[in-house]
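Presented below is the structure to which this report refers.
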């Protein structure tokens, strides 16, 4: 395991030295000068790339390691929200930028040049957000460290609990949680003083989570629950030692910290929360949102351009839905089709959670038979399906967690099933193609099996990768047409309605964060456009409120991949191959859209 020495205790120069320790020695002087220079450039780049990944993992191990299936930092929580640590992080990245500029790119091979370009992109992108105080908003209803650790307690997520060492690693994180909570409270107090606070609706949504994390006794705490289900093979001595340690940590450290958090959020933060909705209401909010758009889409798009694209896509998809209505047995007004579908009990065919999971397993089996026609690169890692844990089920969206690089745990698709009797089959095929195969799992699991530097291998959860990762997943939904999975009009409606959601996101996200839309206006637009209940629309809108511009990445990324495929099909004609195209798109791992486009263009030219 890497050293747990706090980054705040090191100077920037010491950090650089520590992260670059173990760099290979220089090439032997006897080699020709050109060969020596090339070898030295490669080693410089490899050392810097490794140091960058290590730095990100130490600053934020939950996001950049554990969530990406890298278990080497599972005993560390990180304190990237600390202003002092944050300043050190940006100072380190600035120094790495300077070091990268000393590497001779022209001395590198093609793959190393791609690594160089990606490392440059990652560093530049990170620095663009330095001036925006995101650390002053450390908690929301979808993304907060206390709930993440609570969800890890069952051992089925990104942090496995199958060995004594893994139990100790999780316990180490629990011991670090109170300090994180106290830093979050301090940050939010600073945010209150500077006018950077969450909207009141968001505070209302997240408060119950923290209240529910408290327990009457240590033994009933979710953080204590791992010791109630020790794996077979643990010795009695280990069980006794771990049980005592977990009870002490929960009782003397976590319980008081959660009490402090709930008291602060309820009595101080909630009254100070803002009545406004969008990011533009924050200090320097317009520039902050523009930076978020660039981060999420990889492209210099304006809010107005994104909003117009969303309206255009909504109109296009509505035409397709109107043509599909009669095939579903609907003959009413076109605009009421979503509401009609949402009201149809015949699409709610389940009575138990297990029936829902079995239906997804059946879809998975069908997709597996179709994959070889379209993909030559298929990962070895398996995909499992688990229901979203009860703690976060009310506010969560369906999602995927990547497999571990060492094979210690599989990729997991987490459907959110609040009530199986109300769960519709309409969206299931499209949802599985997105979250499972060939969407997130094919990309993320394959990424772990490619011979790539760690910062590229563990990239699926990085926020600035969303245009590629979510764009690929949405593009994967469209492959259901080619695979024959949408011959059932109900499943095809589910795909179009899911695509409509991604188009509507462009409208409501920019509406709230750049055009002055209220939360209620955005909820009404989403409910009307998608035929959703107000409660379901509220859940989604409040997600976009706390993750501004993240929801833009899906449609922007998917449209870019479809554009590149159409370009290749037109240029290559009979020479076009789905397998070859997909090799280019996913064969080098996660790529920013401009770099992906350049690689596809080079492949087209070479294939001619």
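No lab work stands behind these numbers, since they all come straight from the coordinates. None of these values were measured; they are calculated from a predicted model. Counting neighbours? That spans all protein chains shown, and the Cβs are built from the backbone with ideal geometry, glycine included.
Take the Cα of residue 393, go 7 Å toward its beta carbon, and the backbone nitrogen atoms of the stretch 340-356 under 19 Å from that spot belong to 348-356.
The label point for residue 346 and the one for residue 98, both projected 7 Å from the Cα toward the Cβ, are 7.0 nm apart. Counting 0.36 nm for each residue step from residue 312 to residue 106 and taking away their Cα separation leaves a gain of 69.9 nm. Relative to one another, the C-alpha centroids of the stretch 204-257 and the stretch 446-491 are positioned 36 Å apart.
Summarised as an ellipsoid, the stretch 139-275 has semi-axes of 32, 13, 12 Å, derived from the eigenvalues of the Cα gyration tensor scaled by 5 and square-rooted, with the largest first.
Segment residue 598..residue 524, full-extension length gain: 22.6 nm, with 0.36 nm per residue of separation and the alpha-carbon distance subtracted. Between residue 204 and residue 229, the modelled label-to-label distance comes to 3.5 nm, taking each label 7 Å out from Cα in the direction of the beta carbon.
Taking each DSSP H run with n ≥ 4 as -39500 (n - 2.57) and averaging over every residue of the chain yields -19000 deg cm²/dmol at 222 nm. Hull volume per residue, based on the alpha-carbon atoms of the chain and their convex hull, is 164 Å³. Computed over the alpha-carbon atoms, the stretch 286-559 gives an Rg to Rh ratio of 0.95, Rh here being the Kirkwood radius from the mean inverse distance. Here the simple spin-label model places points 7 Å from the Cα toward Cβ, and for residue 131 and residue 580 these points are separated by 4.6 nm.
Express in whole angstrom the spacing between the alpha-carbon centres of the stretch 81-109 and the stretch 139-197. The stretch 81-109 and the stretch 139-197 have Cα centres spaced 27 Å from each other.
FRET efficiency for residue 46 and residue 339, Cβ-Cβ distance as r, R0 = 51 Å, nearest 0.05?
Values: r = 57 Å, r/R0 = 1.11.
The calculated FRET efficiency here is 0.35.
Fewest-first ordering of 268, 313 by other beta carbons within 10 Å of each residue's beta carbon gives 268, 313.
If R0 equals 30 Å, the separation of the Cβ atoms of residue 422 and residue 562 corresponds to a calculated FRET efficiency of about 0.35. How many angstrom separate the Cα center of the stretch 546-582 from the Cα center of the stretch 353-405? Taking the Cα centre of the stretch 353-405 as reference, the centre of the stretch 546-582 is 23 Å away.
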